[in-house]
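Report on the following structure.
Every read-out reported here was derived from the displayed coordinates using simple, explicitly stated rules and does not represent laboratory data. Bear in mind the structure is a predicted one, so any value in this text is a computation, not a measurement. For neighbour counting, all protein chains shown are included, and Cβ atoms are generated from backbone atoms with ideal geometry for every residue, glycine included.
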Amino acid sequence: MSFRFTRAIVRPPSSNFADGLTSAALGTPDFALALEQHAQYCDALERVGLELERLPEDPAHPDATFVEDTAILSVRCNVLTRPGASSRAGEVKAIRAALASLDIKPTTIESPGTLDGGDICEAGEHFFIGISQRTNWEGAAQLAAFLTKAGYTSSCIDIRAIPGILHLKSGIASLGDERIVAIDSLAGHLARRNHELVRVPPGEEYAANCVRVNDHVLMAAGFPGMQHTLEQLCYDLIVLDMSEFQKMDGGLSCLSLRF
Ligand code: CIR
């Protein structure tokens, strides 16, 4: 099942983290607080049973803490991405080495394809692939071919006209059990599939990017409506302060590669 994991790759923010890409007008992140929030995030992953592979910070790539964008890791298909932002292309090298040391042999997205892991939502045996400013149709087609070969299905959702989201998973999350969290503007794109939709309360869109890990759901602090919804669904919640990563367009999921 797509939410059962034993390990995760993480990488702390570097001191020039604020030089990364962002479209959020939320101010400059506080580096010390970002480090503290990252440490709490790592503690949470360990609490839910994951063994962490901790990579060193990478000042050459201020967005390198957002490791999720560099790979798609699933039970039958592992793929290194080709990030859509040129400043992030060099992040993949360290992930390739980390995966090799774990004996994981991924295939790769090749030019002219681009693809960010934040655009890929694994929902059981089906993968939703976001077409975004970062993931193009060529990258999506290459990933879809790898997934088909591995016995998965996939479909694309074009998010380029949807305001306020960088990646597909900025607006949806799979909770497992055929249940998908979605912001209102993406709910219609998922309606044809056989999933129960959990709607994100208007104004709490950032909270859509929650993460099911084993028996828990990790969610961002500060979203009482979404927290109530998930509590009503009887999930064991771990609520984490993500304010400094939100300032850099980052959500909960992008801080780890879980497998
Ligand atoms: C970027 O713009 O690439 C980073 N500042 C944020 C990436 C967030 N990644 C994600 O949500 N998967």
List the residues, sorted by chain then number, that are 5 or more residues from residue 237 or on another chain and whose placed amide H is less than 5 Å from its amide H. 217
Which residue fluctuates the most in the chain, going by a Gaussian network model with Cα springs under 10 Å, if the choices are 14, 155, 101? 101
So how far apart, in nm, are the two label points at residue 228 and residue 194 if each is 7 Å from Cα heading toward Cβ? 3.3
Here FRET efficiency (C-beta to C-beta, residue 51 to residue 161, R₀ 41 Å, nearest 0.05) is 0.50
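Per 0.36 nm of contour for each residue apart, how much would the distance between residue 148 and residue 25 grow if the chain were fully extended, relative to their Cα-Cα spacing? The partial results should precede the final answer.
Values: separation 123, 0.36 × 123 = 44.28 nm, distance 3.93 nm.
Net length gain for the segment: 40.3 nm.
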Phi to ³J(HN,Hα) by Karplus 6.51 cos²θ - 1.76 cosθ + 1.60 over segment 142-148, Hz, x for Gly, Pro: 5, 5, 4, 5, 4, 5, 4
What's the center-to-center distance, using Cα atoms, between segment 55-134 and segment 196-215 in Å? 22
By how many nm would the segment from residue 221 to residue 241 lengthen if fully extended, with 0.36 nm per residue of separation less the alpha-carbon distance? 6.7 nm
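Given the DSSP H assignment, sum -39500 (n - 2.57) over each helix run of at least 4 residues in the chain and divide by its residue total; what's the result at 222 nm in deg cm²/dmol, nearest 500? Can you show the working numbers first?
On the way: 6 runs with 60 residues, N = 259.
Helices in the chain give a 222 nm mean residue ellipticity of -7000 deg cm²/dmol.
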Mind checking which aspartates and glutamates have their Cα closer than 13 Å to the Cα of residue 93? Skip sequence neighbours fewer than 8 apart in that chain. 58, 69
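Please work out whether segment 7-258 counts as rounded, prolate or oblate from its C-alpha gyration tensor, where a ≥ b ≥ c are the square roots of the eigenvalues and a/c under 1.5 means rounded, while otherwise a/b larger than b/c means prolate and anything else oblate?
Values: a/c = 1.29, a/b = 1.02, b/c = 1.26.
It is rounded, given that a/c, with a ≥ b ≥ c, falls under 1.5.
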Give, rounded to the nearest 20 debye, the magnitude of the charge dipole that segment 7-258 has about its Cα centre when Lys and Arg contribute +1 at Cβ and Asp and Glu contribute -1 at Cβ. 740
Using Cα pairs under 8 angstrom and six or more residues apart, how large is the relative contact order of segment 151-249, in percent? 20
What residue among 131, 109, 157 shows peak mean-square fluctuation when the chain is described by a Gaussian network model with Cα springs under 10 Å? 157
For residue 178 and residue 40, extending 7 Å from Cα along the Cα-Cβ vector and measuring point to point gives, in nm, a value of 3.6
Excluding residue 60 itself, what net charge comes from residues whose Cβ is under 15 Å from its Cβ, given Lys and Arg +1 and Asp and Glu -1? -2
Which shape class applies to segment 117-214: rounded if a/c is under 1.5, otherwise prolate when a/b exceeds b/c and oblate if not, where a ≥ b ≥ c are the square roots of the Cα gyration tensor eigenvalues? oblate
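May I ask you to derive the relative contact order of segment 7-258, considering only C-alpha pairs under 8 Å and at least 6 residues apart, and to give it as an integer percent? Show your work: numbers first, answer last.
On the way: 500 pairs, mean separation 53.9, N = 252.
Averaging sequence separation for qualifying contacts and normalising by length gives 21 percent for segment 7-258.
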Rounded to whole Hz, the Karplus (6.51, -1.76, 1.60) HN-Hα couplings of segment 66-77, x for glycine and proline: 8, 4, 4, 6, 9, 7, 10, 10, 9, 4, 10, 8
